[in-house]
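Undergrad: Have a look at this one.
The values are calculated or read from the model by the stated rules, or taken from the named source; none is laboratory data. Keep in mind that what you see is a predicted model, and the values were worked out from it rather than measured. Every residue, glycine as well, gets a Cβ built from its backbone with ideal geometry; the counts of neighbours run over all protein chains shown. What goes into the accessible areas is simple: the full protein's heavy atoms, side chains included, and nothing from ligands, DNA or RNA. Shrake-Rupley method; radii C 1.70, N 1.55, O 1.52, S 1.80 Å.
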Amino acid sequence: DDFIMRLRHVGIEDGVLEANGLTKEQAAEVMEFVEKNVNNFYGLSIRLLLQIAYCYIDDPANWKFDIEATKMRSV
């Protein structure tokens, strides 16, 4: 929980996700996705948060599928 709070602080409050190309709404959506799936990621980090943001920017329609296929354990 502490690390999720840290990710939220860096990604949203410090504006790192916005500085890397997301709008406030998109950044909130990415953060919500991370928080909802926190236990399914191989390893959670600020770097991963940025990778998810870049995936969102690259393919807004399919970013969740791409992240689930490449960065998460299969359920």
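Undergrad: With a sphere of radius 12 Å drawn around the Cβ of Lys64, what net charge do the other residues whose Cβ falls strictly inside it have (Lys, Arg +1; Asp, Glu -1)? Kindly include the intermediate steps, with their values, before the conclusion.
TA: Working: positive: Lys36, Lys71; negative: Glu29, Glu32, Asp59, Asp66, Glu68.
That sum, taken over residues with Cβ under 12 Å, equals -3.
Undergrad: Can you give me the solvent accessible area of Lys24 with a 1.4 Å probe, rounded to the nearest 10 Å²?
TA: Surface open to solvent at Lys24 totals about 130 Å².
Undergrad: Name the most mobile residue of Phe65, Phe33, Phe41, meaning the one with the largest mean-square fluctuation, in a Gaussian network model of the chain with Cα contacts below 10 Å.
TA: Looking only at Phe65, Phe33, Phe41, the biggest GNM fluctuation is shown by Phe65.
Undergrad: Still on this model: Add +1 for every Lys or Arg and -1 for every Asp or Glu among the other residues with Cβ under 11 Å from the Cβ of Cys55, and state the total.
TA: -2
Undergrad: Restricting to Cα pairs below 8 Å that are 6+ residues apart, what does the relative contact order work out to for the chain? Please round to a whole percent.
TA: Rounded, it is 30 percent for the chain.
Undergrad: While we're on this one: For a test of the definition: using alpha carbon positions, the gyration tensor, and the 1.5 limit on a/c, classify the chain as rounded, prolate or oblate.
TA: oblate
Undergrad: Can you give the net charge of the other residues whose Cβ lies under 11 Å from the Cβ of Ser45, counting K and R as +1 and D and E as -1?
TA: Summing Lys and Arg as +1 and Asp and Glu as -1 gives +3.
Undergrad: Still on this model: With every protein chain present, what accessible area does Asp59 have (1.4 Å probe, heavy atoms only), rounded to the nearest 10 Å²?
TA: 40
Undergrad: How large is ³J(HN,Hα), in whole Hz, for each residue of segment 3-16 in order, when computed from phi with the Karplus curve 6.51 cos²θ - 1.76 cosθ + 1.60 and θ = phi - 60°, using x for Gly and Pro?
TA: Each residue of segment 3-16 in turn: 5, 4, 4, 5, 4, 4, 4, 5, x, 9, 5, 7, x, 5 Hz.
Undergrad: Rounded to the nearest 500, what is the chain's calculated 222 nm mean residue ellipticity when only DSSP H runs of at least 4 contribute -39500 (n - 2.57) each, over all residues?
TA: Computed mean residue ellipticity for the chain: -17000 deg cm²/dmol.
Undergrad: Between Ala27, Ala53, Ala61, which gets the highest mean-square fluctuation from a Gaussian network model of the chain, Cα cutoff 10 Å?
TA: Judging by the Gaussian network model, the answer is Ala61.
Undergrad: Could you sort Ser74, Ser45 by accessible area so the largest value comes first, with the probe set to 1.4 Å?
TA: Descending order: Ser74, Ser45.
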